[in-house]
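Input: a single structure, listed below in structure tokens.
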Amino acid sequence: MKHAFKYLRRPNARKKIGGKGVILNIASLAGLVAEQGWTSYDISKASVIAATKVAALEYGKYGIRVNAIAPGAIATPLILNKKQLKKPPRDPWIESLPIARYGRP
């Protein structure tokens, strides 16, 4: 965000983009809901959410919107057991969601 803000605040950049800009951060539901054994990941994603909120307050006056999206569980090696990379493990939480499956990368 630091580098994007520097660019988006430059007068010639603002002219190119019509005086507005958007920063989109990738957060995670893990930043909103804590899970045992995921301390570092949960903290890092909660930090992305907090930084997004602060940046939105600080840079809105420059016409720069700052948002974050928080996807749910995505079937990546981080989530999947390395022995089961082809098929995600059964998860009652995932099955309770409207889509009832892991997202695909």
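Adding -39500 (n - 2.57) for every DSSP H run of four residues or longer, then dividing by how many residues the chain holds, sets the calculated 222 nm ellipticity at -11000 deg cm²/dmol. Label separation (Leu29 vs Ser96): 1.0 nm, computed from points 7 Å beyond Cα along the C-beta direction. The base-10 log of I(q)/I(0) for the chain, evaluated at q = 0.11, 0.21, 0.22 Å⁻¹, reads -0.48, -1.05, -1.11 [Debye formula, identical scatterers on Cα atoms, solvent excluded]. Against the main long axis of the alpha-carbon atoms of the chain, helix 39-59 sits at an angle near 20°.
For the chain, lysine pairs with C-alpha atoms less than 29 angstrom apart, excluding pairs fewer than eight positions apart on the same chain, total 26. Note that the range 1-51, at 20 °C in a medium of 1.002 mPa s, gets a Stokes-Einstein diffusion coefficient of 168 µm²/s from its Kirkwood radius over C-alpha pairs.
Each value in this text was obtained by applying a stated rule to the coordinates, not by laboratory testing. Computed from a prediction, not measured in an experiment: that's the story for all the values here. Cβ sites come from the backbone with ideal geometry, for glycine too, and all protein chains shown count toward neighbours.
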